[in-house]
Amino acid sequence: MNASLIYITCENDEEARRIGRALVKDRLVACTNAIPGMRSCYWWEGEVQESEEVVLLAKTRPDMVDAVLYRVRELHSYDVPCVVELPLARGNPDYLDWIEREVQPTA
């Protein structure tokens, strides 16, 4: 059983919680973790920018990555949100099975 970790950066804790809750409620992901206090440095609109962001990690099945990407883009405040998949090829089999069982989208 394989799983995917989706790495998402959010503007603040409220946005991370709102997106994370929606993804779990929609059963697109098994769980999320919001990690505040990340400092980002990046190019945006021709200038180097710095900001504090919140990392949102979401665990899902590989076949649900596109649906997660679509939903995050609907909910996110950024014009170009960071939403990337990190495949999880190995891990605790019981945990990976739990992800498989809990991701059950209704639509």
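The values are calculated or read from the model by the stated rules, or taken from the named source; none is laboratory data. The model shown is predicted, which means the values in this text are computed figures rather than measured ones. A quick note on method: Cβ atoms are made from the backbone with ideal geometry, for glycine too, and the neighbour counts reach across all protein chains shown.
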How many residues are assigned to a helix (DSSP H, G or I) and of a type outside the set (Lys, Arg) if we restrict to segment 89-107? 9
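For every residue, the table says whether it meets (1) of a type in the set (A, V, I, L, M); (2) touching a residue at least 24 places away in the same chain (Cβ under 8 Å).
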| residue | (1), (2) |
| --- | --- |
| Glu14 | no, no |
| Leu23 | yes, yes |
| Arg39 | no, no |
| Val48 | yes, no |
| Glu53 | no, yes |
| Leu57 | yes, yes |
| Ala67 | yes, yes |
| Cys82 | no, yes |
| Asp94 | no, no |
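Do the conditions hold for Lys59, that is, is it closer than 19 Å to Gln104 by Cβ and either surrounded by fewer than 17 Cβ atoms within 10 Å (Cβ to Cβ) or in contact with a His (Cβ under 8 Å, 6 or more places away or on another chain) (or both)?
Numbers: closer than 19 Å to Gln104 by Cβ: yes; either surrounded by fewer than 17 Cβ atoms within 10 Å (Cβ to Cβ) or in contact with a His (Cβ under 8 Å, 6 or more places away or on another chain) (or both): no.
Against the criterion (closer than 19 Å to Gln104 by Cβ and either surrounded by fewer than 17 Cβ atoms within 10 Å (Cβ to Cβ) or in contact with a His (Cβ under 8 Å, 6 or more places away or on another chain) (or both)), Lys59 does not qualify.
Only residues that are among the hydrophobic types (A, V, I, L, M, F, W, C) and either farther than 20 Å from Asp79 by Cβ or assigned to a loop (DSSP other than H, G, I, E, B) (or both): list them for segment 1-22, please.
Met1, Ala3, Leu5
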Is it the case that some residue within segment 31-45 is in contact with a Cys (Cβ under 6 Å, 6 or more places away or on another chain) and surrounded by 15 or more Cβ atoms within 10 Å (Cβ to Cβ)? no
Tell me which residues, restricted to segment 63-107, are aromatic (Phe, Trp, Tyr) and closer than 30 Å to Trp44 by Cβ. Tyr70, Tyr78
Is there a residue being in a strand (DSSP E or B), modelled with pLDDT of 95 or more and in contact with a strand residue (DSSP E or B) (Cβ under 9 Å, 6 or more places away or on another chain) anywhere in segment 65-81? no
Selected residue (only one of Val54, Val65, Val48, Val103 is over 17 Å from the mean Cα position of the chain (by Cα) and β-branched (Val, Ile, Thr)): Val48
When you check Glu45 against the structure, is it over 18 Å from Asn12 (Cβ atoms) and touching a strand residue (DSSP E or B) at 6+ places or on another chain (Cβ under 8 Å), yes or no? no
Test set (1) aliphatic (A, V, I, L, M); (2) within 21 Å of Ala22 (Cα to Cα); (3) over 10 Å from the mean Cα position of the chain (by Cα); (4) surrounded by 14 or more Cβ atoms within 10 Å (Cβ to Cβ) - Leu88 fails condition number: (2)
Would you mind finding the one in Leu86, Leu56 that is at pLDDT 95 or above, under 24 Å from Glu102 (Cα atoms), touching a Gly at 6+ places or on another chain (Cβ under 9 Å) and part of a strand (DSSP E or B)? Leu56
